[in-house]
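The values are calculated or read from the model by the stated rules, or taken from the named source; none is laboratory data. Please read these numbers as outputs of a predicted model, since none were measured by experiment. Cβ atoms come from the backbone with ideal geometry, glycine included; neighbour counts cover every protein chain shown.
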Amino acid sequence: MKAIIILSTLILFACISYAQIETYGRYTVKGTVEPNINIFAKKKISEKFDLTYFSLVGQKWSEALIGFSYSPKKWLSIGLSTGIEHNPAVYRLGGSIWIGKGKTSLLMLGEKGDGKDNYFYKTILSYKASEKFTVGAIAWRFHGLGPVVKYTKDDLTLWFMPAYDLEFNVQRLILGLSIKI
């Protein structure tokens, strides 16, 4: 599965318009650090349509999704994707909505695989306080609910998120690095 994700990522990189690699560690208080790496890429097809790609590799989970996003307005983008996951049923479906104006944006991501509990969500409300600093709030399944602070310089973004996971009743600290390529 991981080989398929890596190969599809390399093929996609040959024709991308935008890509970002993100790596982070998720630390659970009195626990261990769980590393994660993911890649998001898109290729403009027309003025309003993009081909999108997302892959994720963690210690116990991996997935790859490919899809389309539609932007009827500059401040709105809606996406649908499908792909494979590290699960015997294999299939995975995803959707996204991005709304943004000025310094404020809202991103909502959702995914569903086979099984009642095989779903994922991530919602981020962000405010770009300056050229280098962004602050926000995130609700992120398997990570938690909490504030996020991002520092960006050139194509690198360092971010930090203290969170409380309501589903598992644990505190988490997440430290990440995003790189535009």
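Quickly run through segment 107-129 and pick out the residues that are of a type in the set (D, E) and either over 17 Å from I78 (Cα atoms) or surrounded by fewer than 16 Cβ atoms within 10 Å (Cβ to Cβ) (or both). D114, D117, listed by residue number. Considering only residues that are in contact (Cβ under 8 Å) with a residue 24 or more places away in the chain and either in contact with a helix residue (DSSP H, G or I) (Cβ under 8 Å, 6 or more places away or on another chain) or more than 16 Å from T104 (Cβ to Cβ) (or both), which ones fall in segment 119-141? R141 - this is the single residue of segment 119-141 that is in contact (Cβ under 8 Å) with a residue 24 or more places away in the chain and either in contact with a helix residue (DSSP H, G or I) (Cβ under 8 Å, 6 or more places away or on another chain) or more than 16 Å from T104 (Cβ to Cβ) (or both).
Can you give me the number of residues within segment 28-67 that are assigned to a strand (DSSP E or B), in contact (Cβ under 8 Å) with a residue 60 or more places away in the chain and under 26 Å from N169 (Cβ atoms)? Even if it seems obvious, please write down each step before you answer.
First, the residues of segment 28-67 that are assigned to a strand (DSSP E or B): 28, 33-44, 49-58, 62-67.
With in contact (Cβ under 8 Å) with a residue 60 or more places away in the chain added as a condition, the list becomes 28, 62, 64.
Going one step further and asking which of them are under 26 Å from N169 (Cβ atoms), we end up with 28.
Total satisfying the criteria: 1.
Any idea which of (1) modelled with pLDDT under 95; (2) in contact with a strand residue (DSSP E or B) (Cβ under 7 Å, 6 or more places away or on another chain); (3) on the phi > 0 side of the Ramachandran plot is the one G115 doesn't satisfy? The one condition G115 does not meet is (2). Checking each residue in segment 82-96 for being among the aliphatic types (A, V, I, L, M) and either part of a strand (DSSP E or B) or in contact with a Leu (Cβ under 8 Å, 6 or more places away or on another chain) (or both) picks out I84, L93. For V29, work out the one condition from (1) modelled with pLDDT of 95 or more; (2) within 19 Å of V148 (Cβ to Cβ) it doesn't fulfil. (1) is the only condition that V29 fails. In this structure, F160 does not qualify as surrounded by fewer than 14 Cβ atoms within 10 Å (Cβ to Cβ), free of Cβ contacts under 8 Å to residues at least 24 places away in the same chain and under 16 Å from G176 (Cα atoms). Looking only at segment 48-73, residues that are of a type in the set (D, E, K, R) and in contact with a strand residue (DSSP E or B) (Cβ under 6 Å, 6 or more places away or on another chain) come to 3 in all. Taking the numbered list (1) more than 21 Å from L56 (Cβ to Cβ); (2) in a strand (DSSP E or B) in turn, S130 passes all entries but (2). Filtered by the rule that a residue be more than 15 Å from the chain's Cα centre (by Cα), at pLDDT below 95 and more than 12 Å from G113 (Cβ to Cβ), segment 52-96 gives Q59, K60.
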